[in-house]
Amino acid sequence: MRGLVNFLFEAGMLKKTPRTGYQFLGSGSESVADHSFRTTIIGYILSLEKGEVDTLKVLLMCVFHDIAEARTGDRNYLNKRYVKVDEELAISDLTKNLDFGDKITSLLKEFNMGETMEAKIARDADQLDLILELKEQLDLGNRYASEWLRYSMERLKTEEAKKLADEILKTDSTEWWFEKKRSLWVDD
C-alpha cells in the first residue's frame, strides 16, 4: 500500500509541473496535469470516431503519457535538443513498487513507439490539445502561435485528428460561450 500511496502523491506533482513551451511562445500557461486531462478527453473522442480500437488503452495512454515528467520535468522542443533525459529509468523507478507497474511501462513503450492505432490516436490527442491551446493564443493575438500551429498540424497521423484540427483552426475559441446576441449582453 505504501508504494501505491507514494505513486499517487507523485502523480499529484503533475498538477505543479508547468509545461515549458509557453515561455518561448510568450503567452499561455498550463500544468502537465491540465494538459493530460484534455488530452484524455480528446483521446476518447478520437477513439470513438475511429472505431475498432481499444478505447480503454487509448485513455490509459493519454492519462499516463507524461507521467515521467513528475520526475523529469517538462522539456520543450528546444530543451530536448540539448538535454537528454532517461525517461525509461524514470518510468522504471516510478512504477517499481506497483503491482501494476509493468502495465504502465508497457503502455508508455507502446505510446512512445507510435506504431499501433491506439498509440497513433493517443499521440494525436496529445497534439490536438496543443493545437487547441495554440488556437486560443492565436485568437488572443499571439502571432507566433500560427507558426507553432503549422508544425503541430504536420505531426498528426490519423484522418480523424486532421479533420478535427482543421475545424479547430476555423473556430473562434470563444464561440462556445460568447454568443454574440444583444439580448444576452444588454437586456436584463
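Only the coordinates and a few stated rules stand behind these numbers; no lab work does. All values reported here derive from a predicted model rather than from experimental measurement. No Cβ is skipped: glycine too gets one built from the backbone with ideal geometry, and neighbour counts run over all protein chains shown.
Fully extended, how many nm does the chain gain between W176 and L56 (0.36 nm per residue separation, minus their Cα-Cα distance)?
Computed gain between W176 and L56 is 40.4 nm.
For K80, give me every one of the lysines with a C-alpha distance below 26 angstrom, ignoring sequence neighbours fewer than eight places off in its own chain.
K15, K16, K96, K109, K120, K135, K157, K162
Return the calculated 222 nm mean residue ellipticity for the chain, to the nearest 500 deg cm²/dmol, obtained by summing -39500 (n - 2.57) across DSSP H runs with n ≥ 4 and dividing by the residue count.
Calculated at 222 nm, the ellipticity per residue is -20000 deg cm²/dmol.
Put +1 on the Cβ of each Lys and Arg and -1 on the Cβ of each Asp and Glu in region 2-185; which of W177, I91, H65 then has its Cα farthest toward the positive end of the dipole?
W177
Can you put D124, D129, D93 in order, fewest other beta carbons within 10 Å first?
D93, D129, D124
State the extension gain, in nm to one decimal, for the chain segment bounded by S29 and N6, taking 0.36 nm per residue of separation less the distance between their alpha-carbons.
Extra length from S29 to N6 when fully extended: 5.6 nm.
Between beta-carbons, use under 11 Å as the cut-off and find the net charge around E115, counting Lys and Arg +1, Asp and Glu -1.
+2
Span-like helices, the chain: DSSP H, alpha-carbon axial extent 24 Å or more, mean Kyte-Doolittle 0.0 or greater, which ones?
32-50
Using a Gaussian network for the chain with springs between C-alpha atoms less than 10 Å apart, which of these wobbles most: T40, T116, T55?
T116
Which whole-number percentage describes the relative contact order of the chain, with Cα contacts under 8 Å and a sequence gap of 6 or more?
The value is 22 percent.
For region 57-86 and region 11-42, compute the distance between their C-alpha centroids and round to whole Å.
11
What size of dipole, in debye to the nearest 20, comes out for the chain about its Cα centre when the only charges are +1 on Lys and Arg C-beta atoms and -1 on Asp and Glu C-beta atoms?
I would put it at about 460 debye.
Which order results if L94, L169 are arranged by neighbouring Cβ count within 10 Å, fewest first?
Exposure proxy ranking, most exposed first: L169, L94.
Pick the calculated Rg/Rh (Cα atoms, Kirkwood Rh) for this structure from [x] 1.01; [y] 0.92; [z] 0.98?
Working out Rg/Rh (Cα atoms, Kirkwood Rh) from the coordinates points to [x].
Sorted from fewest to most neighbouring beta carbons within 10 Å, what does the list Y44, Y144, Y82 look like?
Exposure proxy ranking, most exposed first: Y82, Y144, Y44.
Assuming R0 = 30 Å, can you tell me the calculated FRET efficiency for the pair L169 and Y22, based on Cβ-Cβ distance, to the nearest 0.05?
The pair L169/Y22 has a calculated efficiency of 0.95.
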